[in-house]
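To keep things clear, I will list the structure first and then write my remarks on it.
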Amino acid sequence: MQVVKVDIDTAAPLHPEASILIIYTGGTVGMVFDEKEQHLVPFNFSQITEHVPELRQFNYLLTVLSIEPAIDSSNVSVQDWLMLARLIEENYEKYDGFVVLHGTDTMAYSASAMSYLLENLQKSVIFTGAQVPIGRIRTDARENLITALQIAATKEQGRSVVPEVCIYFRNLLLRGNRSKKVESSHFDAFKSDNYPPLAETGIELDFSFESILPYPQQPFRVHHALNDKVAILKLFPGITAHVVQSILQAPGLQGLVLETFGSGNAPTVPWFLELLQEAIGRGILILNVSQCDEGRVDQGRYETSKYLLNMGVIGGADITTEAAISKLMYVLAHEELSHQERERLLQQNLRGEISL
């Protein structure tokens, strides 16, 4: 894997409004249709103004770092997240904001992971992508890219207006660790049910300042480790002891996201509770997340979740599965912390991912 740097020739004068680094990881947004080969291929970012001529009107300095070969979002790995965090760290002082072009399928996972890796973020890191390749007539790529750049460049009194990791898609700016992909065939691919949009775009950019994270007072810090010894167990009626056991007793498992029913409810049959209790006894951290898109886990509200609370399962409040799995990876990577300290960290609102 290599990183190729491309400077985009815009109309930026000697004193531009902002300098933005675009990081292209892969995905539909950076694809064009090759008439000869009859399939989609990554396009050359040195020619991006041919596909998005509006960029020439920007009063910005734009640079692209293109990951080669491009990463299909279905193949995104923990190492890719750490690489992306390093790229932002290495270029943090050089640019006013960052736009990450990424495939939509796992964008919410990547944005969530980046929110934990980038602590005390003071600049915008905007993930965006497209449902239709940039070379097509009815593409959503141009509008998504142009507006993501505008948001990343927006400052007030010299400070970034949105100092956090976000996803911009189809007129909505969403907190990255509150987002999930909900559409595969329409342009409004992402939603954030448990938290309002940070901005909505129409004729103007309309920011919801009360929803945006406060500007951090502590120095920016990048974390360089994630622990991938985690799993997700989605409950369903009729789930068997063999299935649950195969996951809970997976070699090396240290953390589990347990997708439960409703407000955090789960079966109360003895074999299920015994398997959970045995796993907790071995030091496995279990984070309870609701399968519902809206609402929150409230362990103990019903008898079917009281057992989980009493045995030490950690309530995930209104966190998404995407944010929960990367939060587990982040917390487990802090090997200097005790088991109790990790439990407390999982219950804290670290980057705006839960409402306490």
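Structure data summary
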{"item": "Test: residue in region 129-145 that is under 12 Å from the mean Cα position of the chain (by Cα), of a type outside the set (A, V, I, L, M) and surrounded by 22 or more Cβ atoms within 10 Å (Cβ to Cβ)", "result": "no"}
{"item": "Residues (hydroxyl-bearing (Ser, Thr, Tyr) and within 26 Å of LEU332 (Cα to Cα)) located in region 236-255", "result": "SER246"}
{"item": "Residues of region 56-100 classified as crowded, with 20+ Cβ neighbours inside 10 Å, of a type in the set (A, V, I, L, M) and assigned to a helix (DSSP H, G or I), total", "result": "3"}
{"item": "So TYR195, is it among the hydroxyl-bearing types (Ser, Thr, Tyr) and out of contact with any Phe, Trp or Tyr (no Cβ under 8 Å at 6 or more places or on another chain)", "result": "yes"}
{"item": "Residues that are crowded, with 24+ Cβ neighbours inside 10 Å and small (Gly, Ala, Ser), drawn from region 316-339", "result": "GLY316, ALA323, ALA324, SER326"}
{"item": "Near pairs, Cβ below 6 angstrom, 6+ apart or cross-chain, from region 66-84 (within 12 Å of SER110 (Cα to Cα) and in the same structural domain as TYR330 (by TED's automatic domain parsing)) to any residue that is modelled with pLDDT under 95 and assigned to a helix (DSSP H, G or I)", "result": "none"}
{"item": "Within region 9-55, considering residues that are modelled with pLDDT of 75 or more and part of a strand (DSSP E or B), the one surrounded by the fewest Cβ atoms within 10 Å (Cβ to Cβ)", "result": "SER19"}
{"item": "Residue within region 218-240 that is without any contact (Cβ under 8 Å) to a residue 60 or more places away in the chain, assigned to a helix (DSSP H, G or I) and surrounded by 11 or more Cβ atoms within 10 Å (Cβ to Cβ) present", "result": "no"}
{"item": "Candidates GLY264, GLY255, filtered to the one that is surrounded by 16 or more Cβ atoms within 10 Å (Cβ to Cβ) and closer than 24 Å to ALA85 by Cα", "result": "GLY255"}
{"item": "Selected residue [on the phi < 0 side of the Ramachandran plot, outside the structural domain of GLY316 (by TED's automatic domain parsing) and part of a strand (DSSP E or B)] from LEU258, LEU213, LEU174", "result": "LEU174"}
{"item": "Criterion: assigned to a loop (DSSP other than H, G, I, E, B), over 29 Å from LEU332 (Cβ atoms), in the same structural domain as TYR95 (by TED's automatic domain parsing) and free of Cβ contacts under 8 Å to residues at least 60 places away in the same chain - qualifying residue of ASP188, ASP206", "result": "ASP188"}
{"item": "ALA250, sole failed condition from (1) assigned by TED's automatic domain parsing to the domain that holds GLU164; (2) assigned to a loop (DSSP other than H, G, I, E, B)", "result": "(1)"}
{"item": "Conditions (1) under 20 Å from ALA231 (Cβ atoms); (2) surrounded by 21 or more Cβ atoms within 10 Å (Cβ to Cβ); (3) not β-branched (Val, Ile, Thr): number failed by MET311", "result": "(2)"}
{"item": "Residues located in region 48-65, provided they are touching a residue at least 12 places away in the same chain (Cβ under 8 Å) and out of contact with any Phe, Trp or Tyr (no Cβ under 9 Å at 6 or more places or on another chain)", "result": "ILE48, THR49, VAL52, GLU54, LEU55, ARG56, GLN57, PHE58, ASN59, TYR60, LEU62"}
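The values are calculated or read from the model by the stated rules, or taken from the named source; none is laboratory data. Please read all numbers here as calculations on a predicted model, not as lab measurements. Glycine gets a Cβ as well: all are built from the backbone with ideal geometry, and neighbour counts include every protein chain shown.
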